[in-house]
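Below is one structure, written out as C-alpha coordinates; the observations come after it.
The values are calculated or read from the model by the stated rules, or taken from the named source; none is laboratory data. Since this is a predicted model, take the numbers as computed values, not measurements. FYI the Cβ positions are ideal-geometry reconstructions off the backbone, even for glycines, and counts take in every protein chain you see. Just so you know, the surface numbers come from the protein's heavy atoms only, side chains and all, with ligands and any DNA or RNA stripped out. Shrake-Rupley method; radii C 1.70, N 1.55, O 1.52, S 1.80 Å.
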Amino acid sequence: MDAHRPRRAPRLSAAARSAALLVVLLALTACAAATPATETPATETPDASEAHGIDGGGAAEVAAPARALVVAGHDGTAILLDLATEERTTLAEARTDVSSIQSDGRLLYLARGTGAGGRTSVDVIDTARWTVPHGDHSHSFRGEPRLLGTLEGDGIPRITAGEQRAVLQFDGELLTLVHDELAETLDAARRVSTDATGPVVPFAGHLLVPNGGAIQVADDGGIPIPDSDIPCADVTDADVTRVGAVFSCAEGAVLFTREVGGAVVGEAIPYPAGAAAAVQLNGRTDRPDLAGVTADGAWLLDVRQRTWTFLASEVPLVRAAAIGDDDGRTIAIDAEGRLCILASDGALLARTEPLVVASLADAASRDRVQLIIDGQYAYVSDPAAGVVHELDHLDDLRVTRTFADLDPWLVQQVG
(Lines give C-alpha, C1' and ligand atoms only; values in the text may rest on other atoms or scores of the structure.)
Protein backbone atom coordinates (compact mmCIF):
# COMPACT_ATOMS: atom_id res chain seq x y z
CA MET A 1 0.00 0.00 0.00
CA ASP A 2 2.96 2.38 0.66
CA ALA A 3 3.92 2.21 -3.02
CA HIS A 4 0.70 3.89 -4.05
CA ARG A 5 0.04 7.58 -3.91
CA PRO A 6 -3.42 8.32 -2.48
CA ARG A 7 -5.92 9.34 -5.14
CA ARG A 8 -8.49 11.98 -4.35
CA ALA A 9 -12.11 10.98 -4.51
CA PRO A 10 -13.91 12.52 -7.50
CA ARG A 11 -15.60 15.87 -6.88
CA LEU A 12 -19.26 16.42 -7.69
CA SER A 13 -20.09 19.05 -10.27
CA ALA A 14 -22.35 21.98 -9.35
CA ALA A 15 -25.20 20.37 -11.30
CA ALA A 16 -24.71 17.07 -9.50
CA ARG A 17 -24.67 18.80 -6.12
CA SER A 18 -27.90 20.62 -6.97
CA ALA A 19 -29.55 17.38 -8.04
CA ALA A 20 -28.42 15.63 -4.86
CA LEU A 21 -29.81 18.49 -2.75
CA LEU A 22 -33.16 18.26 -4.53
CA VAL A 23 -33.33 14.52 -3.78
CA VAL A 24 -32.65 15.17 -0.09
CA LEU A 25 -35.33 17.89 0.06
CA LEU A 26 -37.89 15.63 -1.61
CA ALA A 27 -37.07 12.80 0.82
CA LEU A 28 -37.55 15.07 3.83
CA THR A 29 -40.99 16.20 2.61
CA ALA A 30 -42.21 12.80 1.39
CA CYS A 31 -43.73 11.80 4.71
CA ALA A 32 -44.15 14.84 6.94
CA ALA A 33 -45.07 18.47 6.48
CA ALA A 34 -42.15 20.84 5.99
CA THR A 35 -40.87 22.42 9.20
CA PRO A 36 -39.20 25.83 9.42
CA ALA A 37 -35.45 25.63 10.01
CA THR A 38 -34.24 26.59 13.48
CA GLU A 39 -30.89 26.85 15.20
CA THR A 40 -31.63 23.75 17.29
CA PRO A 41 -31.32 20.25 15.83
CA ALA A 42 -34.58 19.04 17.39
CA THR A 43 -37.47 20.30 15.23
CA GLU A 44 -40.67 18.60 16.32
CA THR A 45 -43.10 17.04 13.82
CA PRO A 46 -45.35 14.96 16.08
CA ASP A 47 -48.06 13.99 13.62
CA ALA A 48 -45.81 12.04 11.24
CA SER A 49 -44.84 9.32 13.69
CA GLU A 50 -48.42 8.86 14.87
CA ALA A 51 -49.63 8.53 11.27
CA HIS A 52 -47.10 5.77 10.64
CA GLY A 53 -47.71 3.86 13.86
CA ILE A 54 -44.32 4.65 15.38
CA ASP A 55 -44.30 5.14 19.14
CA GLY A 56 -41.85 7.88 20.11
CA GLY A 57 -42.27 7.11 23.80
CA GLY A 58 -42.51 10.80 24.67
CA ALA A 59 -39.58 11.85 22.45
CA ALA A 60 -40.11 14.44 19.73
CA GLU A 61 -39.72 13.56 16.07
CA VAL A 62 -36.96 15.68 14.55
CA ALA A 63 -36.29 16.72 10.98
CA ALA A 64 -32.87 15.02 10.81
CA PRO A 65 -31.04 12.38 12.85
CA ALA A 66 -29.86 13.79 16.20
CA ARG A 67 -26.40 12.26 15.98
CA ALA A 68 -24.32 11.84 19.13
CA LEU A 69 -21.48 9.72 20.44
CA VAL A 70 -21.73 7.73 23.63
CA VAL A 71 -18.25 7.69 25.14
CA ALA A 72 -17.76 5.45 28.18
CA GLY A 73 -14.64 5.10 30.30
CA HIS A 74 -13.09 2.06 31.96
CA ASP A 75 -14.29 3.42 35.33
CA GLY A 76 -17.94 3.32 34.26
CA THR A 77 -18.37 6.99 33.43
CA ALA A 78 -20.47 7.60 30.32
CA ILE A 79 -21.20 10.82 28.48
CA LEU A 80 -23.38 11.76 25.52
CA LEU A 81 -21.49 14.00 23.07
CA ASP A 82 -23.86 15.89 20.76
CA LEU A 83 -22.25 16.02 17.32
CA ALA A 84 -24.16 19.15 16.28
CA THR A 85 -23.45 21.32 19.34
CA GLU A 86 -20.56 19.42 21.00
CA GLU A 87 -22.50 19.64 24.27
CA ARG A 88 -21.67 16.87 26.75
CA THR A 89 -24.28 15.22 28.98
CA THR A 90 -23.39 12.79 31.75
CA LEU A 91 -25.25 9.50 31.44
CA ALA A 92 -23.48 7.61 34.25
CA GLU A 93 -21.07 8.59 36.98
CA ALA A 94 -17.86 6.69 37.79
CA ARG A 95 -18.14 3.60 39.96
CA THR A 96 -15.72 0.84 40.92
CA ASP A 97 -17.81 -2.27 40.20
CA VAL A 98 -18.49 -1.86 36.45
CA SER A 99 -17.42 -5.03 34.61
CA SER A 100 -18.56 -4.23 31.07
CA ILE A 101 -20.16 -1.44 29.03
CA GLN A 102 -22.08 -2.18 25.83
CA SER A 103 -24.58 -0.44 23.56
CA ASP A 104 -27.10 -1.39 20.89
CA GLY A 105 -26.97 1.95 19.08
CA ARG A 106 -29.60 3.51 21.32
CA LEU A 107 -29.56 1.86 24.75
CA LEU A 108 -26.48 1.76 26.98
CA TYR A 109 -25.85 -1.28 29.20
CA LEU A 110 -23.57 -0.99 32.24
CA ALA A 111 -22.89 -4.38 33.87
CA ARG A 112 -21.91 -4.26 37.52
CA GLY A 113 -19.83 -6.99 39.13
CA THR A 114 -20.64 -10.63 39.70
CA GLY A 115 -21.95 -11.39 43.15
CA ALA A 116 -22.76 -14.69 44.82
CA GLY A 117 -23.53 -17.31 42.22
CA GLY A 118 -22.06 -15.19 39.42
CA ARG A 119 -24.99 -12.77 39.46
CA THR A 120 -24.64 -9.61 37.33
CA SER A 121 -26.71 -6.41 37.49
CA VAL A 122 -27.14 -4.42 34.27
CA ASP A 123 -28.24 -0.78 34.34
CA VAL A 124 -30.13 0.07 31.13
CA ILE A 125 -29.90 3.73 30.05
CA ASP A 126 -31.93 5.17 27.17
CA THR A 127 -30.00 7.83 25.23
CA ALA A 128 -33.38 8.84 23.69
CA ARG A 129 -31.91 9.37 20.21
CA TRP A 130 -32.74 7.00 17.38
CA THR A 131 -33.86 6.64 13.76
CA VAL A 132 -36.44 4.22 12.39
CA PRO A 133 -36.10 3.18 8.71
CA HIS A 134 -39.50 3.34 7.01
CA GLY A 135 -39.36 2.16 3.42
CA ASP A 136 -37.71 4.78 1.24
CA HIS A 137 -37.35 7.24 4.12
CA SER A 138 -36.88 7.26 7.89
CA HIS A 139 -38.11 8.87 11.10
CA SER A 140 -35.75 10.32 13.71
CA PHE A 141 -36.45 11.03 17.36
CA ARG A 142 -34.87 12.89 20.24
CA GLY A 143 -35.79 12.97 23.91
CA GLU A 144 -34.20 13.25 27.34
CA PRO A 145 -31.75 10.51 28.42
CA ARG A 146 -32.96 8.45 31.37
CA LEU A 147 -32.20 5.36 33.41
CA LEU A 148 -34.82 2.75 32.51
CA GLY A 149 -33.96 0.32 35.29
CA THR A 150 -31.79 -2.63 36.20
CA LEU A 151 -31.89 -6.22 34.94
CA GLU A 152 -30.15 -9.20 36.52
CA GLY A 153 -28.77 -12.47 35.23
CA ASP A 154 -25.88 -14.90 35.57
CA GLY A 155 -22.48 -14.39 34.01
CA ILE A 156 -21.12 -11.77 31.63
CA PRO A 157 -23.93 -10.30 29.48
CA ARG A 158 -23.84 -9.96 25.69
CA ILE A 159 -25.85 -7.47 23.63
CA THR A 160 -27.03 -8.04 20.05
CA ALA A 161 -29.26 -5.53 18.28
CA GLY A 162 -31.53 -5.53 15.25
CA GLU A 163 -34.73 -3.91 13.97
CA GLN A 164 -35.35 -1.50 16.86
CA ARG A 165 -34.90 -4.17 19.49
CA ALA A 166 -32.06 -5.81 21.36
CA VAL A 167 -31.29 -9.14 22.97
CA LEU A 168 -29.64 -9.05 26.39
CA GLN A 169 -28.07 -12.48 26.70
CA PHE A 170 -26.99 -14.01 30.03
CA ASP A 171 -25.76 -17.53 30.78
CA GLY A 172 -28.66 -19.83 29.91
CA GLU A 173 -31.28 -17.15 29.23
CA LEU A 174 -31.97 -14.03 27.25
CA LEU A 175 -34.29 -11.03 27.34
CA THR A 176 -35.66 -9.22 24.29
CA LEU A 177 -36.04 -5.45 24.73
CA VAL A 178 -38.38 -3.84 22.18
CA HIS A 179 -37.50 -0.17 21.77
CA ASP A 180 -41.13 0.85 21.11
CA GLU A 181 -42.11 -0.62 24.48
CA LEU A 182 -39.48 1.09 26.61
CA ALA A 183 -42.09 3.38 28.19
CA GLU A 184 -43.22 0.28 30.08
CA THR A 185 -41.24 -1.30 32.89
CA LEU A 186 -38.23 -3.40 32.01
CA ASP A 187 -39.65 -6.11 34.23
CA ALA A 188 -42.13 -6.89 31.45
CA ALA A 189 -39.34 -8.11 29.17
CA ARG A 190 -39.76 -11.80 28.41
CA ARG A 191 -37.05 -14.14 29.69
CA VAL A 192 -36.32 -17.07 27.42
CA SER A 193 -34.17 -20.07 28.30
CA THR A 194 -31.42 -20.80 25.78
CA ASP A 195 -28.29 -22.88 25.31
CA ALA A 196 -26.97 -20.61 22.54
CA THR A 197 -23.27 -20.86 21.71
CA GLY A 198 -23.03 -17.41 20.10
CA PRO A 199 -24.85 -14.09 19.66
CA VAL A 200 -28.64 -14.44 19.39
CA VAL A 201 -30.19 -12.01 16.88
CA PRO A 202 -33.80 -10.74 16.95
CA PHE A 203 -35.02 -10.66 13.34
CA ALA A 204 -38.45 -10.41 11.68
CA GLY A 205 -40.33 -11.53 14.79
CA HIS A 206 -38.00 -14.50 15.28
CA LEU A 207 -34.81 -15.33 17.15
CA LEU A 208 -31.74 -16.59 15.30
CA VAL A 209 -29.88 -18.88 17.69
CA PRO A 210 -26.36 -20.33 17.17
CA ASN A 211 -26.24 -23.85 18.57
CA GLY A 212 -24.18 -26.95 17.81
CA GLY A 213 -22.42 -25.73 14.67
CA ALA A 214 -25.56 -24.29 13.07
CA ILE A 215 -27.96 -21.34 13.29
CA GLN A 216 -31.51 -22.23 14.29
CA VAL A 217 -34.56 -20.12 13.50
CA ALA A 218 -36.81 -19.95 16.58
CA ASP A 219 -40.03 -18.15 17.36
CA ASP A 220 -39.98 -15.16 19.71
CA GLY A 221 -40.37 -17.56 22.63
CA GLY A 222 -37.20 -19.44 21.71
CA ILE A 223 -38.92 -22.56 20.32
CA PRO A 224 -36.90 -23.83 17.31
CA ILE A 225 -38.68 -24.13 13.97
CA PRO A 226 -38.18 -27.63 12.49
CA ASP A 227 -35.74 -28.01 9.59
CA SER A 228 -34.58 -24.39 9.83
CA ASP A 229 -30.92 -25.07 10.74
CA ILE A 230 -28.18 -23.63 8.54
CA PRO A 231 -24.61 -24.90 9.17
CA CYS A 232 -22.33 -22.25 10.65
CA ALA A 233 -19.24 -23.36 12.57
CA ASP A 234 -17.47 -21.15 15.11
CA VAL A 235 -19.85 -18.18 15.08
CA THR A 236 -17.84 -15.06 15.97
CA ASP A 237 -20.07 -12.12 15.05
CA ALA A 238 -23.55 -11.10 13.88
CA ASP A 239 -24.90 -8.00 12.14
CA VAL A 240 -28.28 -6.85 10.84
CA THR A 241 -28.01 -5.17 7.43
CA ARG A 242 -30.55 -3.63 5.07
CA VAL A 243 -30.78 -7.02 3.31
CA GLY A 244 -31.01 -9.28 6.37
CA ALA A 245 -29.18 -10.72 9.36
CA VAL A 246 -25.62 -11.94 8.77
CA PHE A 247 -23.56 -14.32 10.91
CA SER A 248 -19.77 -14.64 10.58
CA CYS A 249 -18.70 -18.29 10.43
CA ALA A 250 -15.45 -20.16 9.91
CA GLU A 251 -16.53 -21.15 6.40
CA GLY A 252 -18.04 -17.79 5.37
CA ALA A 253 -21.30 -16.12 6.28
CA VAL A 254 -24.92 -17.13 6.73
CA LEU A 255 -27.60 -14.68 5.62
CA PHE A 256 -31.19 -14.74 6.90
CA THR A 257 -33.93 -12.87 5.06
CA ARG A 258 -37.67 -12.51 5.45
CA GLU A 259 -39.85 -13.92 2.69
CA VAL A 260 -43.28 -12.68 1.65
CA GLY A 261 -45.64 -14.08 4.25
CA GLY A 262 -43.19 -13.68 7.13
CA ALA A 263 -41.11 -16.86 6.91
CA VAL A 264 -37.41 -16.46 7.74
CA VAL A 265 -34.99 -18.42 5.56
CA GLY A 266 -31.22 -18.76 5.63
CA GLU A 267 -28.54 -19.33 3.02
CA ALA A 268 -24.79 -19.81 3.15
CA ILE A 269 -22.33 -17.40 1.51
CA PRO A 270 -19.07 -19.40 1.57
CA TYR A 271 -15.59 -17.95 1.26
CA PRO A 272 -13.55 -18.91 -1.79
CA ALA A 273 -11.73 -22.21 -1.28
CA GLY A 274 -8.79 -21.98 1.13
CA ALA A 275 -9.55 -18.41 2.25
CA ALA A 276 -8.80 -17.22 5.78
CA ALA A 277 -11.86 -16.06 7.72
CA ALA A 278 -12.59 -12.60 9.08
CA VAL A 279 -13.44 -12.72 12.77
CA GLN A 280 -15.70 -9.67 12.65
CA LEU A 281 -17.71 -7.97 9.92
CA ASN A 282 -18.60 -4.30 10.23
CA GLY A 283 -20.49 -1.74 8.22
CA ARG A 284 -22.60 1.37 8.25
CA THR A 285 -25.99 1.07 9.93
CA ASP A 286 -28.82 -0.01 7.59
CA ARG A 287 -26.53 -0.54 4.59
CA PRO A 288 -25.98 -3.72 2.53
CA ASP A 289 -22.19 -4.20 2.75
CA LEU A 290 -19.90 -5.52 5.50
CA ALA A 291 -16.12 -5.73 5.78
CA GLY A 292 -13.64 -7.44 8.09
CA VAL A 293 -9.89 -7.82 8.34
CA THR A 294 -7.95 -11.00 7.76
CA ALA A 295 -4.38 -11.92 6.85
CA ASP A 296 -2.89 -9.56 4.24
CA GLY A 297 -6.02 -7.46 3.80
CA ALA A 298 -9.76 -7.41 4.28
CA TRP A 299 -12.88 -9.12 3.01
CA LEU A 300 -15.73 -7.07 1.54
CA LEU A 301 -19.10 -8.83 1.61
CA ASP A 302 -21.74 -7.52 -0.78
CA VAL A 303 -24.79 -8.93 0.96
CA ARG A 304 -27.14 -8.11 -1.92
CA GLN A 305 -25.01 -9.96 -4.47
CA ARG A 306 -23.91 -12.66 -1.98
CA THR A 307 -20.28 -12.19 -3.06
CA TRP A 308 -16.92 -11.83 -1.29
CA THR A 309 -14.14 -9.55 -2.60
CA PHE A 310 -10.65 -9.67 -1.15
CA LEU A 311 -9.00 -6.26 -0.64
CA ALA A 312 -5.26 -6.86 -0.52
CA SER A 313 -3.03 -4.61 1.59
CA GLU A 314 0.76 -4.40 1.78
CA VAL A 315 0.44 -3.11 5.36
CA PRO A 316 -1.60 -5.35 7.72
CA LEU A 317 -5.03 -4.00 8.61
CA VAL A 318 -6.42 -4.00 12.15
CA ARG A 319 -9.95 -2.64 11.53
CA ALA A 320 -12.24 -2.43 8.51
CA ALA A 321 -15.81 -1.31 7.93
CA ALA A 322 -17.83 -1.09 4.71
CA ILE A 323 -19.39 2.27 3.90
CA GLY A 324 -22.07 0.55 1.83
CA ASP A 325 -22.27 3.29 -0.81
CA ASP A 326 -22.70 2.91 -4.55
CA ASP A 327 -18.91 2.84 -5.03
CA GLY A 328 -18.44 -0.08 -2.64
CA ARG A 329 -15.84 1.74 -0.56
CA THR A 330 -14.30 0.39 2.64
CA ILE A 331 -12.57 2.30 5.45
CA ALA A 332 -9.71 0.57 7.26
CA ILE A 333 -7.08 1.25 9.92
CA ASP A 334 -3.66 -0.19 9.18
CA ALA A 335 -1.07 -1.44 11.65
CA GLU A 336 0.83 1.86 11.35
CA GLY A 337 -2.15 3.77 12.75
CA ARG A 338 -3.32 5.32 9.48
CA LEU A 339 -6.88 5.38 8.15
CA CYS A 340 -7.39 4.58 4.50
CA ILE A 341 -10.20 4.26 1.98
CA LEU A 342 -10.16 1.25 -0.32
CA ALA A 343 -12.12 0.96 -3.56
CA SER A 344 -14.18 -2.13 -4.30
CA ASP A 345 -11.21 -3.55 -6.23
CA GLY A 346 -8.78 -2.83 -3.38
CA ALA A 347 -7.24 0.31 -4.91
CA LEU A 348 -6.10 2.91 -2.38
CA LEU A 349 -8.23 6.06 -2.68
CA ALA A 350 -7.05 8.05 0.33
CA ARG A 351 -4.82 7.66 3.38
CA THR A 352 -4.08 9.78 6.46
CA GLU A 353 -0.94 10.33 8.44
CA PRO A 354 -0.61 8.05 11.50
CA LEU A 355 -3.39 8.92 13.97
CA VAL A 356 -3.63 6.06 16.46
CA VAL A 357 -0.16 4.52 16.36
CA ALA A 358 0.36 4.92 20.13
CA SER A 359 -2.90 3.14 20.94
CA LEU A 360 -2.09 0.27 18.59
CA ALA A 361 1.35 -0.12 20.17
CA ASP A 362 -0.13 -0.42 23.66
CA ALA A 363 -1.50 -3.87 24.48
CA ALA A 364 -3.98 -2.39 26.97
CA SER A 365 -5.57 -0.03 24.43
CA ARG A 366 -5.08 -1.84 21.10
CA ASP A 367 -8.36 -3.75 21.30
CA ARG A 368 -10.16 -0.55 22.36
CA VAL A 369 -9.46 1.32 19.10
CA GLN A 370 -12.88 1.55 17.48
CA LEU A 371 -13.98 2.57 14.00
CA ILE A 372 -17.51 3.90 13.44
CA ILE A 373 -18.88 5.30 10.19
CA ASP A 374 -22.01 7.10 9.03
CA GLY A 375 -23.01 8.68 5.73
CA GLN A 376 -20.26 11.32 5.80
CA TYR A 377 -17.91 10.81 8.71
CA ALA A 378 -15.67 8.18 10.25
CA TYR A 379 -15.01 8.24 14.00
CA VAL A 380 -11.92 6.54 15.38
CA SER A 381 -11.13 6.33 19.08
CA ASP A 382 -7.59 6.86 20.37
CA PRO A 383 -7.58 5.56 23.96
CA ALA A 384 -3.89 6.28 24.59
CA ALA A 385 -4.40 9.97 23.75
CA GLY A 386 -7.87 10.23 25.31
CA VAL A 387 -9.48 11.55 22.12
CA VAL A 388 -11.90 10.63 19.35
CA HIS A 389 -11.13 11.81 15.81
CA GLU A 390 -13.81 12.74 13.26
CA LEU A 391 -12.81 12.37 9.59
CA ASP A 392 -14.77 13.28 6.47
CA HIS A 393 -14.73 10.21 4.20
CA LEU A 394 -16.32 12.26 1.41
CA ASP A 395 -13.25 14.53 1.47
CA ASP A 396 -10.25 12.17 1.43
CA LEU A 397 -10.46 11.45 5.19
CA ARG A 398 -9.78 15.03 6.19
CA VAL A 399 -9.74 15.34 10.00
CA THR A 400 -12.60 17.72 10.76
CA ARG A 401 -12.65 17.60 14.56
CA THR A 402 -10.84 15.96 17.45
CA PHE A 403 -12.79 15.56 20.70
CA ALA A 404 -10.39 15.66 23.65
CA ASP A 405 -10.47 15.02 27.41
CA LEU A 406 -12.18 11.65 27.01
CA ASP A 407 -11.66 8.08 28.19
CA PRO A 408 -12.87 6.21 25.07
CA TRP A 409 -13.02 2.67 26.43
CA LEU A 410 -16.30 2.28 24.51
CA VAL A 411 -17.59 4.53 21.71
CA GLN A 412 -20.94 4.15 19.98
CA GLN A 413 -22.93 6.43 17.71
CA VAL A 414 -26.61 7.00 18.47
CA GLY A 415 -29.30 9.00 16.71
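Conditions tested, residue by residue: (1) aliphatic (A, V, I, L, M); (2) within 15 Å of ARG329 (Cα to Cα); (3) out of contact with any Phe, Trp or Tyr (no Cβ under 9 Å at 6 or more places or on another chain).
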position	(1), (2), (3)
VAL369	yes, no, yes
ILE372	yes, yes, no
ALA378	yes, yes, yes
ALA384	yes, no, yes
VAL388	yes, no, no
ASP407	no, no, yes
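Residues that are in contact (Cβ under 8 Å) with a residue 40 or more places away in the chain and within 21 Å of GLU152 (Cβ to Cβ) within region 182-206 comprise LEU182, LEU186, PRO199, VAL200, PRO202, listed in sequence order. Taking the criterion of being open to solvent by 20 Å² or more (accessible area, probe 1.4 Å), among the hydroxyl-bearing types (Ser, Thr, Tyr) and within 19 Å of THR285 (Cα to Cα), would at least one residue in region 313-332 satisfy it? There is no residue in region 313-332 that is open to solvent by 20 Å² or more (accessible area, probe 1.4 Å), among the hydroxyl-bearing types (Ser, Thr, Tyr) and within 19 Å of THR285 (Cα to Cα). Quick check, is ARG368 of a type in the set (Lys, Arg) and over 16 Å from the mean Cα position of the chain (by Cα)? The answer is no for ARG368. Residues that are within 29 Å of HIS74 (Cβ to Cβ) number at least 2 in the following strands (runs of 3 or more DSSP E) confined to region 310-397: 317-322, 330-334, 339-342, 371-373, 377-382, 387-392.
Would you pick out the residues in region 46-80 that are at pLDDT 95 or above and open to solvent by 60 Å² or more (accessible area, probe 1.4 Å)? Correct list: ARG67 only.
Within region 359-415, being among the hydroxyl-bearing types (Ser, Thr, Tyr) and farther than 25 Å from ALA128 by Cβ holds for SER359, SER365, THR400, THR402. Only one entry in ARG106, ARG119, ARG129 is crowded, with 18+ Cβ neighbours inside 10 Å and within 22 Å of ILE156 (Cβ to Cβ), namely ARG106. Identify, please: which residue in region 81-101 is acidic (Asp, Glu) and open to solvent by less than 80 Å² (accessible area, probe 1.4 Å) and is, among those, nearest to THR127 (Cα to Cα)? Only one residue tops the list, namely ASP82. Considering only residues in region 144-163 that are open to solvent by less than 50 Å² (accessible area, probe 1.4 Å) and part of a loop (DSSP other than H, G, I, E, B), the one that is farthest from ALA60 (Cα to Cα) turns out to be GLY155.
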